[in-house]
Amino acid sequence: MAHIAWLGKKSPFCGNVTYGLTTTEQLRLRGHRISFIHFDTPATGPGLPWDPPSVDGNGLSLTKEALRASRRAALAGDESEVALPYLLKSQVYTVPAPGAQRELRESLEQLKPDLVHASLTLSPLDFLLPDLCQQLGVPLVATFHPAFDAGLRNLAGGTQQLTYQVYAPALARFNRVIVFSELQAEVLSRLGVKDDRLVVIPNGVDTDVWKPAGCERGGSERTGSERSSSALRHEVLARFDGRRSFLYMGRLATEKNVEALLRAWRLVRPAGCVLVIVGDGPLRGSLQAAHEDPDILWWGYEPELERRVALLQASEVFLLPSLVEGLSLSLLEAMASGTACVATDAGADGEVLEGGAGIVISTQGVTTQLRTLLPVLRDQPVLTAELGRRARERALQRYTLTRNIQALERVYAELVPSPALAA
């Protein structure tokens, strides 16, 4: 099995974090050794670059030298983790501290991985990786997450296109670049990344975790976990107060276009229904202040996986009004949970739902389209049930976590001469 140095994110919570944690967990289960490198040491105070002081788990002050010694000790283990210093970290981008590049190089030199996989964090270090890995003689793989809209139909799409243009020259020097859809690959190909370096591997979800409530066994045969899931679902339904639930789950940021959804909801005000907004982000305060309504439930950020599963199982319709996307994990989770899905054709989301697996709307005129759709979905529960069934079927066919990991291992096998990987 391969030793993989994974450069990614563990916080703050976003799709990149979910992707990295889920993928590395699965790779470990398949026998690979993972060294997780991420930004987790804030650089503060007048002693920059990176002179905290910091504290360890016992509250004891650590000097810069002690932190490095602690890091090197961690590297000696089979399941190592390396924390890099940073100045600023958000859901979208990261600004490393001046010492981060040196720490990364020293860590890779000591780890001696078979391969580096960078789940790109949108930081200046991303652009230094090709030279660094070439000097160390280590193959370099990237997963490129930024959302896009191939049609450039809005300002958000234009901004993301600029991100692609800035990154393309660096991506062209990676051994492989993983993207989530053919559309995304076409965008990078037009920008100069060679086709033989682009690999399309759609996101995948664990369909044994994200599943409809009806997939559980009944009566006394249910496991303790299934009984707990049932109790959580009833707890969620109690919050809905007997109303049918329409759900948004994701970041509250401009590109997610939640404002358009909220406007449509206020125009329609579907009787007997509640709109549940699960998530956090820079726009939460302003959106909540402008749209306080008894039929809108501001759930906030939900850290517990089991409760997020219960929210999707208890909801009839999942709504994703984004202006730009990559391939939304929230959408795939909703599909696997058997929830009827409505999403814009931003990024690869339209590709995921095409052919009847859900309802696809344009990124232009979202409020108008939802104003028409919401009454239909309210009045046609048979339709929503059928859409949920088709969504689950599509997830099982194309977007399972097992398929994703198997495809990723094939990429590794091309770059790492290992009999175990080749098998």
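The values are calculated or read from the model by the stated rules, or taken from the named source; none is laboratory data. Keep in mind that what you see is a predicted model, and the values were worked out from it rather than measured. Because the Cβ atoms are built from the backbone with ideal geometry, glycine has one as well, and the counts that use them run over all protein chains shown. Accessible surface areas use protein heavy atoms only, side chains included; no ligands, DNA or RNA. Shrake-Rupley method; radii C 1.70, N 1.55, O 1.52, S 1.80 Å.
Flag: P270 does not match the condition of being surrounded by fewer than 16 Cβ atoms within 10 Å (Cβ to Cβ), modelled with pLDDT under 95 and in a loop (DSSP other than H, G, I, E, B).
Taken over region 345-360, residues that are open to solvent by less than 50 Å² (accessible area, probe 1.4 Å) and over 22 Å from the mean Cα position of the chain (by Cα) amount to 1. Taken together, the criteria place T163 among residues that are out of contact with any Leu (no Cβ under 7 Å at 6 or more places or on another chain), open to solvent by 20 Å² or more (accessible area, probe 1.4 Å) and on the phi < 0 side of the Ramachandran plot.
Annotation: L188 fulfils all but one of (1) in contact with a helix residue (DSSP H, G or I) (Cβ under 7 Å, 6 or more places away or on another chain); (2) farther than 14 Å from L408 by Cα; (3) open to solvent by 20 Å² or more (accessible area, probe 1.4 Å); (4) at pLDDT below 95; the unmet one is (3).
Among the residues that make up region 257-265, is at least one of them aromatic (F, W, Y) and surrounded by fewer than 17 Cβ atoms within 10 Å (Cβ to Cβ)?
Going residue by residue through region 257-265, those that are aromatic (F, W, Y) are 265.
Now drop any that are not surrounded by fewer than 17 Cβ atoms within 10 Å (Cβ to Cβ), which leaves none.
Within region 257-265 (the criterion being aromatic (F, W, Y) and surrounded by fewer than 17 Cβ atoms within 10 Å (Cβ to Cβ)), the answer is no, since none of the residues qualifies.
Considering each residue of region 81-125, count those that are touching a Pro at 6+ places or on another chain (Cβ under 9 Å) and among the basic types (K, R), and give that number. Qualifying residue count, region 81-125: 1.
Would you confirm, using the coordinates I've provided, whether A97 is small (G, A, S), farther than 19 Å from I4 by Cβ and open to solvent by less than 70 Å² (accessible area, probe 1.4 Å)? Steps first, please.
Values: small (G, A, S): yes; farther than 19 Å from I4 by Cβ: yes; open to solvent by less than 70 Å² (accessible area, probe 1.4 Å): yes.
The answer is yes for A97.
All of R394, R371, R389 fail the test of being open to solvent by 40 Å² or more (accessible area, probe 1.4 Å) and within 27 Å of the chain's Cα centre (by Cα), apart from R389.
Cβ-Cβ contacts under 7 Å between residues 6 or more apart (or on different chains), taken from a first residue in region 191-206 that is open to solvent by less than 60 Å² (accessible area, probe 1.4 Å) to a second residue that is in a loop (DSSP other than H, G, I, E, B) and of a type in the set (A, V, I, L, M, F, W, C), are listed as G192/A172; V193/A172; P202/F180; P202/L327; N203/F180; N203/L327.
Note on region 127-143: residues that are surrounded by 20 or more Cβ atoms within 10 Å (Cβ to Cβ) and either at pLDDT below 95 or touching a Lys or Arg at 6+ places or on another chain (Cβ under 7 Å) (or both) total 1. Each residue in region 290-329 was checked for being under 22 Å from R378 (Cα atoms) and small (G, A, S), and 4 pass.
Does T400 qualify as being in contact with a Ser or Thr (Cβ under 8 Å, 6 or more places away or on another chain), within 28 Å of D149 (Cα to Cα) and surrounded by fewer than 22 Cβ atoms within 10 Å (Cβ to Cβ)? Outline the logic, then answer.
On the way: in contact with a Ser or Thr (Cβ under 8 Å, 6 or more places away or on another chain): yes; within 28 Å of D149 (Cα to Cα): yes; surrounded by fewer than 22 Cβ atoms within 10 Å (Cβ to Cβ): yes.
Criteria met by T400.
Among the conditions (1) open to solvent by less than 50 Å² (accessible area, probe 1.4 Å); (2) of a type outside the set (D, E, K, R); (3) more than 21 Å from the chain's Cα centre (by Cα), the only one that L329 does not satisfy is (3).
With respect to the conditions (1) touching a Cys at 6+ places or on another chain (Cβ under 7 Å); (2) in a loop (DSSP other than H, G, I, E, B), R378 falls short on a single one, namely (2). Can you tell me which residue is surrounded by the most Cβ atoms within 10 Å (Cβ to Cβ) among those in region 7-37 that are touching a helix residue (DSSP H, G or I) at 6+ places or on another chain (Cβ under 7 Å) and under 15 Å from S123 (Cα atoms)? Applying the filter and picking the extreme gives K9. All conditions in (1) open to solvent by 10 Å² or more (accessible area, probe 1.4 Å); (2) hydroxyl-bearing (S, T, Y); (3) modelled with pLDDT of 55 or more hold for S119, with the sole exception of (1).
What are the residues in region 288-345 that are part of a loop (DSSP other than H, G, I, E, B) and in contact with a Lys or Arg (Cβ under 8 Å, 6 or more places away or on another chain), if any? Please lay out each step first, then the result.
Looking only at region 288-345, we keep the residues that are part of a loop (DSSP other than H, G, I, E, B), and these are 291-295, 301-304, 315-316, 321-324, 326-328, 337-339, 345.
If the condition is that a residue be part of a loop (DSSP other than H, G, I, E, B) and in contact with a Lys or Arg (Cβ under 8 Å, 6 or more places away or on another chain), then H291, D293, D295, E302, E316, P321, S322, L323, S337, G338 are the ones that fit.
With respect to T344, determine if the residue is touching a Phe, Trp or Tyr at 6+ places or on another chain (Cβ under 7 Å) and of a type in the set (S, T, Y). Taking the combined requirement at face value, the residue does not satisfy it. Selection within region 285-316: residues that are within 12 Å of S229 (Cβ to Cβ) and small (G, A, S). The member of this set that is least open to solvent (accessible area, probe 1.4 Å) is A310.
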